[in-house]
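Asker: Let me give you the structure first, and then I'll get to my questions.
The values are calculated or read from the model by the stated rules, or taken from the named source; none is laboratory data. Because the structure is predicted, anything quoted here is derived from the model rather than measured. Because the Cβ atoms are built from the backbone with ideal geometry, glycine has one as well, and the counts that use them run over all protein chains shown. Accessible surface areas use protein heavy atoms only, side chains included; no ligands, DNA or RNA. Shrake-Rupley method; radii C 1.70, N 1.55, O 1.52, S 1.80 Å.
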Amino acid sequence: MTDGVNWLTAEEQHAWRSFVRVHERLMGRLSHLLQTESHLAAADYAVLVNLTDVPEGRQRYQDLARALEWEKSRMSHHIARMIKRGLVVREDCEEDGRGAFAVITEAGREAIAAAAPLHVQAVRSLFLDHLTAAELRTLAEISVRVVEKLDDDA
């Protein structure tokens, strides 16, 4: 069953596990800070950021799910919870009748405006402040390369 597996070398395994560990710790810490300071879950913040990045603050559920790498059902359930909290509204898609748009509300805009400075401060103190300019450039290059490969393979 494991014949032909190209196992990770010690160096590769160390790099991979270190990357996973830093990602999990950073996301956990950022999520906790967002929740306690702004009462937004990390998922709420991700949705709101995506909606503020598009014209009119509206995006089709399927496009939003694709951008966040979420399943359709997760997106639908999460948007339903955000609707109950007044952060977004749902608009039917006139073009095909099956799809729907998530649209940021004024309350959603206020929530993201309040949370964004806290998020930026946390990103700086937990991550950016510990990297040199050269390391930051290298990290960006690596990240872009990996994301482009993932997008090509999608």
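Asker: Could you tell me how many of the residues in the range 107-142 are farther than 18 Å from ASN50 by Cβ and without any contact (Cβ under 8 Å) to a residue 40 or more places away in the chain? Write out each step before concluding.
Answerer: Quick first cut of the range 107-142, residues farther than 18 Å from ASN50 by Cβ only: 117-118, 121-122, 124-142.
The next check asks that each one be without any contact (Cβ under 8 Å) to a residue 40 or more places away in the chain; those that pass are 117, 121, 124-125, 128-142.
Selection size over the range 107-142: 19.
Asker: Against the conditions (1) at pLDDT below 95; (2) under 23 Å from ASP151 (Cα atoms), where does VAL49 fall short? Just the number, please.
Answerer: (1)
Asker: All but one of (1) under 23 Å from VAL120 (Cβ atoms); (2) loosely packed, with under 14 Cβ neighbours inside 10 Å hold for VAL5, so report the exception by its number.
Answerer: All conditions are met except number (1).
Asker: Answer yes or no: is there a residue in the range 49-62 that is in contact (Cβ under 8 Å) with a residue 24 or more places away in the chain and open to solvent by 100 Å² or more (accessible area, probe 1.4 Å). Can you show your working first?
Answerer: Of the residues in the range 49-62, the ones in contact (Cβ under 8 Å) with a residue 24 or more places away in the chain are 49, 51-52, 56-62.
Cutting the leftovers down to open to solvent by 100 Å² or more (accessible area, probe 1.4 Å) gives us 56.
Checked against the condition, which is being in contact (Cβ under 8 Å) with a residue 24 or more places away in the chain and open to solvent by 100 Å² or more (accessible area, probe 1.4 Å), the range 49-62 yields at least one hit.
Asker: Would you pick out the residues in the range 92-106 that are surrounded by fewer than 13 Cβ atoms within 10 Å (Cβ to Cβ) and within 20 Å of ASP53 (Cβ to Cβ)? Steps first, answer last, please.
Answerer: Going residue by residue through the range 92-106, those that are surrounded by fewer than 13 Cβ atoms within 10 Å (Cβ to Cβ) are 92, 94-98, 106.
Across the range 92-106, the qualifying residue is only GLU106.
Asker: Let me ask something else about it. Looking only at the range 113-135, count every residue that is of a type in the set (S, T, N, Q), open to solvent by 70 Å² or more (accessible area, probe 1.4 Å) and in a helix (DSSP H, G or I) and tell me the total. Step through it out loud before you land on a result.
Answerer: Start the filter on the range 113-135 by keeping residues that are of a type in the set (S, T, N, Q), which leaves 121, 125, 132.
Adding the requirement that they be open to solvent by 70 Å² or more (accessible area, probe 1.4 Å) leaves 121, 132.
Now narrow it down to the ones that are in a helix (DSSP H, G or I): 121.
Qualifying residue count for the region: 1.
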